[in-house]
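Each remark here refers to the structure printed beneath this line.
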Amino acid sequence: MSDSEEWKARGVFLRVFVYVFATHLFAGFIWLLFYVGGHAPK
């Protein structure tokens with residue numbers, strides 16, 4: 001495999017990792033909002 005193909009593959013893996021991490025971070029933030037909202041004194 002040439003260097004450029006290896007670099008592209010690494011870029012794809014890095015991008016997927018970043019997208020998955022960002023999505024989980026966003027989902028965790030939304031979950032936190034619901035959790036805090038549900039436990040707020042009424």
(request) For segment 35-42, just list the computed ³J(HN,Hα) in residue order, Karplus coefficients 6.51, -1.76 and 1.60, θ = phi - 60°, integers in Hz, with x standing in for Gly and Pro. (result) 5, 5, x, x, 9, 6, x, 10
(request) With Cα extents along the principal axes in Å in mind, check [x] 46, 21, 14; [y] 62, 8, 5; [z] 59, 11, 5 and report the label derived from this structure. (result) [y]
(message) Whole-Hz ³J(HN,Hα) for each residue in segment 16-32, computed from phi via Karplus 6.51 cos²θ - 1.76 cosθ + 1.60 with θ = phi - 60°, x for glycine and proline: what do you get?
(response) 4, 4, 5, 4, 5, 4, 5, 5, 5, 5, 5, 5, x, 5, 4, 4, 4
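Read-outs throughout are calculated quantities, based only on the coordinates presented, and are distinct from any laboratory measurement. Keep in mind that what you see is a predicted model, and the values were worked out from it rather than measured.
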